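**Q** Sharing a structure, written as structure tokens. Questions coming.
The values are calculated or read from the model by the stated rules, or taken from the named source; none is laboratory data. Only a predicted model underlies this, so the values are computations on that prediction, with no experimental measurement involved. Virtual Cβ from ideal backbone geometry, glycine too; neighbours counted across all protein chains shown.
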Ligand code: NDP
């Protein structure tokens, strides 16, 4: 992490790639820990929030200047002095953006031992933190009833696409929006009843015709949230997952119709995925992940090869260039 960005992160400026450091894989001292070869790293929208000045408070710590950024990934153990993990184990957890890393705390990782028929990349997308986000918060807050109408934004990404499918399973009418015609076609293919490109069709018009909505899964905030508020049914649930339209904005978008919360008796649920994990993590891995492996749950990936391209990939996710879960492929297994 090289510089706090103003607005969108700038590859080569906000983050820089430093390929100068080497590590002696055979002899480096592990000090009771284990040496991991990093295979895949996740690029998520929230990384932008961590690229901030240290004095700015948030729910997670800011990245440290001159240090590698970090995020969820999967790596394979090369050598180990820790009896809890052995060479060949594949570990899901939090990694610095490096090719090899020595870790000490085996408890901080999940051993992906009984690997179903999935690429490792899936474990940081639909079968990792973004999929957990959809699964946990849908269970916790959606309270779906037959005949309900749900609106899902950023519907082609790992969070949105999973929500579309969970909502369909519950028998709801699903309205989905995304930022390109290809993304819209994907949202339809996974079950959205009404899918539209919010860049060419006004969200407000679609919701007026297809709503009112009983559930809004908000990934974007801003003007689209405003349109959703104006088209909310009485007692609608608003699942406030993210507000990416504001992540790179210099001034916040001022929502003008918050009085709708009162008059429509809305339930507004903001959440952070990690705080719901303890409730649902076991069933997520035992029930949901096998359904992804069997092909029942669909997902898209946007694979970017090479750690040197991480800066560009971070920008892609903020700007919407990614189509599906953005993954850095650091190395092959
Ligand atoms: P995606 O892979 O869907 O990537 C983000 C997408 O957001 C882009 O591809 C783009 O798609 C869309 N987008 C970007 N800018 C705008 C804009 N100005 N207006 C509308 N859409 C925009 O991301 P994820 O599925 O990983 O995450 C989706 C959301 O979930 C994010 O807001 C994220 O912060 C949030 N999240 C929240 C968590 C929590 O604990 N609360 C945990 C994980 C994720 P398009 O082309 O369709 O515009």
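**Q** Out of everything in segment 280-327 that is without any contact (Cβ under 8 Å) to a residue 40 or more places away in the chain and touching a strand residue (DSSP E or B) at 6+ places or on another chain (Cβ under 6 Å), what residue ends up being nearest to the ligand (Cβ to nearest atom)?
**A** 302
**Q** Could you tell me whether any residue of segment 45-65 is farther than 24 Å from residue 122 by Cβ and assigned to a strand (DSSP E or B)?
**A** no
**Q** Being at pLDDT below 95 and either surrounded by fewer than 22 Cβ atoms within 10 Å (Cβ to Cβ) or away from the ligand (no atom under 14 Å from the Cβ) (or both) is true for just one of 171, 147, 179. Which residue is that? Before you say what the answer is, go through the steps one by one.
**A** Values: 171 fails: at pLDDT below 95; 179 fails: at pLDDT below 95.
Only one candidate passes the filter, namely 147.
**Q** Return the total of residues in segment 257-275 being in a helix (DSSP H, G or I) and within 13 Å of the ligand (Cβ to nearest atom).
**A** If we filter segment 257-275 for residues that are in a helix (DSSP H, G or I), which is where we start, we get 259-263, 273-275.
From what's left, within 13 Å of the ligand (Cβ to nearest atom): 273-275.
Residues flagged as in a helix (DSSP H, G or I) and within 13 Å of the ligand (Cβ to nearest atom) within segment 257-275 amount to 3.
**Q** Turning to a different aspect of this structure: Does residue 271 meet the test of being in contact with a strand residue (DSSP E or B) (Cβ under 9 Å, 6 or more places away or on another chain), over 28 Å from residue 76 (Cβ atoms), surrounded by 14 or more Cβ atoms within 10 Å (Cβ to Cβ) and modelled with pLDDT of 95 or more? Show your work before the answer.
**A** Numbers: in contact with a strand residue (DSSP E or B) (Cβ under 9 Å, 6 or more places away or on another chain): yes; over 28 Å from residue 76 (Cβ atoms): yes; surrounded by 14 or more Cβ atoms within 10 Å (Cβ to Cβ): yes; modelled with pLDDT of 95 or more: yes.
Yes; evaluated as a whole, the condition is true for this residue.
**Q** Report every pair of residues separated by at least 6 positions or lying on different chains whose Cβ atoms are under 8 Å apart, first residue within segment 174-186 and over 18 Å from residue 216 (Cα atoms) and in contact (Cβ under 8 Å) with a residue 40 or more places away in the chain, second within 11 Å of the ligand (Cβ to nearest atom) and part of a strand (DSSP E or B).
**A** 180/197; 183/197; 186/178
**Q** Among the numbered criteria (1) outside any loop (DSSP other than H, G, I, E, B); (2) touching a residue at least 40 places away in the same chain (Cβ under 8 Å), which single criterion is violated by residue 117?
**A** Going through (1) outside any loop (DSSP other than H, G, I, E, B); (2) touching a residue at least 40 places away in the same chain (Cβ under 8 Å) one by one, residue 117 breaks only (1).
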